[in-house]
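The structure under discussion appears below in the form of structure tokens.
The values are calculated or read from the model by the stated rules, or taken from the named source; none is laboratory data. This one's a predicted model, so the numbers in the text were calculated from it and none came from an experiment. Because the Cβ atoms are built from the backbone with ideal geometry, glycine has one as well, and the counts that use them run over all protein chains shown.
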Amino acid sequence: MIKIVQGDITTLAVDAIVNAANQVMLGGGGVDGAIHRAAGPELYEACLKVPEVRPGVRCPTGEARITPGFRLPAKFVIHTVGPVYRDGQHGEPEKLAACYRNSLALATENGCTSIAFPCISTGIYGYPKEAAAQIAVREVENFLTQRFREAEVAEVESGRARSPSAPPLEVIFCCFSSHGATIYEKLLS
Ligand code: APR
């Protein structure tokens, strides 16, 4: 199920909220700053423990890492790093799509049944909101469809009621502005 919410993602009592982080993964401005402020200093400590894959990089662009949510109402924070938008011809769409896919996969691997996304890369990283929203909606719909099919196959193969391993996943697009929410409403209508 997909929902649109307009507001501050740090207030959402969901299993996981997604953070639009940077590759260093130690906080920043925008939603990254808001999440770190609301989660408290333990989040910074938890991020510091995430191993660097190369000097100064804990989470490469397009990948995702999970930490507890600490003082947030959300149980987990899934940190993902969107692409810095140049002109759309340098792999930005593929990297942004990977952020959504990897965040959804990490959420389900950790038993989450609800996850909220901000509009990744559309702030400081400059991704055009409409183009980013199209990628977000496409990737989430594909993921949910795939998950439903896998549950159906499991049901047929096992001859049992839907396997508990695939409980429904609620996905929320949390838009900070009404403009952002309108873009998603149009895409999902
Ligand atoms: N709740 C929900 N959405 C928010 C919030 C919030 N509290 N604060 C900001 N946003 C929205 C912005 O309006 C924008 O639509 O999140 C979207 C992403 O914007 P940024 O936070 O600027 O993230 P991004 O464009 O991905 O740039 C990432 O910015 O904060 C730094 O450390 C971060 O270097 C990284 C870069």
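Summary table
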{"quantity": "From the options Pro118, Pro83, residue that is under 23 Å from Gly28 (Cα atoms), in contact with a Lys or Arg (Cβ under 6 Å, 6 or more places away or on another chain), in contact (Cβ under 8 Å) with a residue 12 or more places away in the chain and surrounded by 16 or more Cβ atoms within 10 Å (Cβ to Cβ)", "calculated": "Pro83"}
{"quantity": "Failed condition for Val31, given (1) buried (at least 21 other Cβ atoms within 10 Å of the Cβ); (2) β-branched (Val, Ile, Thr); (3) in contact with a Leu (Cβ under 8 Å, 6 or more places away or on another chain)", "calculated": "(3)"}
{"quantity": "Yes/no for Gly91 being of a type in the set (Gly, Ala, Ser), more than 22 Å from Gly7 (Cα to Cα) and more than 17 Å from the chain's Cα centre (by Cα)", "calculated": "yes"}
{"quantity": "Subset of segment 99-141 that is polar (S, T, N, Q) and within 13 Å of the ligand (Cβ to nearest atom) - its residue that is nearest to Ser177 (Cα to Cα)", "calculated": "Thr122"}
{"quantity": "Any pair with Cβ under 8 angstrom, 6 or more apart, that starts in segment 25-36 at a residue that is more than 13 Å from Cys47 (Cβ to Cβ) and within 6 Å of the ligand (Cβ to nearest atom) and ends at one that is among the polar types (S, T, N, Q) and modelled with pLDDT of 95 or more", "calculated": "Val31/Asn19; Ala34/Thr10"}
{"quantity": "Residues located in segment 1-24, provided they are within 8 Å of the ligand (Cβ to nearest atom) and crowded, with 19+ Cβ neighbours inside 10 Å", "calculated": "Ile9, Thr10, Ala20, Ala21, Asn22"}
{"quantity": "Single condition Val84 does not satisfy, out of (1) among the β-branched types (Val, Ile, Thr); (2) more than 23 Å from Gly7 (Cβ to Cβ); (3) not in a loop (DSSP other than H, G, I, E, B)", "calculated": "(3)"}
